[in-house]
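Structure first, commentary second.
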Amino acid sequence: MVVAATGLGKANAAAAVAALVTASGGAVPAVVQVGVGGTYPGSGVAVGGAALAASELDLDLGLGRHPDWRGLEALAVPGDDTRNLIDLSGPALEAAREATLLPALPFATSDAVTADAAAAAYVAERFGAAVESMEGAGAARAAVALGVPFVEVRGASNEVGVRDKARWRLREAVGAACAAALTIVPALFEAARRG
């Protein structure tokens, strides 16, 4: 097992995943991204709790700016089927879900943290996002492109849009994500051994 700290943001996360998988000669059985993020209104994820990513939505790439933003399909680049939504369903996610009993929910990634409740409500309503991150879509895209199963688990440190750090539960969120990861990793090894 290799543990790496990627730093903030999609680019750092994608570069780290690509570098580690490449350096291993493709011998990485799975990538488990562990982090914290915000919980969107109505997500059902409690601050201090954790969830798994069923999908990742890149909220930055596309055409225009919110509220008129449209995803990559609006660019209609010939020969490019890249989309904003990355489906993470599959045996690795199922093994992680069964091992942790955590919900698998839609996550959304943005280079900028949502700064107010109105913007948080907009993203939750328009895209159905449950958890906000700054790295998930980058790491997921790199792992999927390299053919490596990807599981993302995040602890909810705060409500999206709440900037008052006194209301955050960072310690609990880190603990919840790490506890889940300690269950996920052996479950993935066992699934790989059986499969």
What number of residues within region 140-184 are in a helix (DSSP H, G or I), open to solvent by 30 Å² or more (accessible area, probe 1.4 Å) and not polar (S, T, N, Q)? 14
Can you pull out every residue in region 23-48 that is of a type in the set (Val, Ile, Thr) and at pLDDT 95 or above? VAL31, VAL32, VAL34, VAL36, THR39, VAL45, VAL47
Among (1) open to solvent by 70 Å² or more (accessible area, probe 1.4 Å); (2) at pLDDT below 95 - the single one VAL113 does not satisfy: (1)
In region 32-46, residues that are buried (at least 19 other Cβ atoms within 10 Å of the Cβ) and over 15 Å from PHE107 (Cβ atoms) total 0
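Take ALA74 and tell me if it is out of contact with any Lys or Arg (no Cβ under 9 Å at 6 or more places or on another chain) and among the hydrophobic types (A, V, I, L, M, F, W, C). Steps first, answer last, please.
On the way: out of contact with any Lys or Arg (no Cβ under 9 Å at 6 or more places or on another chain): yes; among the hydrophobic types (A, V, I, L, M, F, W, C): yes.
Judged against the criteria, ALA74 is a match.
Quick check on my filter: what residues within region 1-15 are under 23 Å from THR100 (Cβ atoms) and crowded, with 20+ Cβ neighbours inside 10 Å? Before the answer, list the steps.
Just the residues of region 1-15 that are under 23 Å from THR100 (Cβ atoms), to begin with: 1-6, 13.
Passing the criteria: THR6, ALA13.
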Within region 127-136, can one find any residue that is at pLDDT below 95 and within 15 Å of the chain's Cα centre (by Cα)? no
Index of the failed condition, SER110 passing every other in (1) under 20 Å from ALA16 (Cα atoms); (2) without any contact (Cβ under 8 Å) to a residue 60 or more places away in the chain; (3) in contact with a Gly (Cβ under 7 Å, 6 or more places away or on another chain): (3)
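The values are calculated or read from the model by the stated rules, or taken from the named source; none is laboratory data. Here the structure is a predicted model, which is why all the values come from computation and not from measurement. A quick note on method: Cβ atoms are made from the backbone with ideal geometry, for glycine too, and the neighbour counts reach across all protein chains shown. Each accessible area value is taken on the protein alone, full model and side chains, heavy atoms only, with ligands, DNA and RNA left out. Shrake-Rupley method; radii C 1.70, N 1.55, O 1.52, S 1.80 Å.
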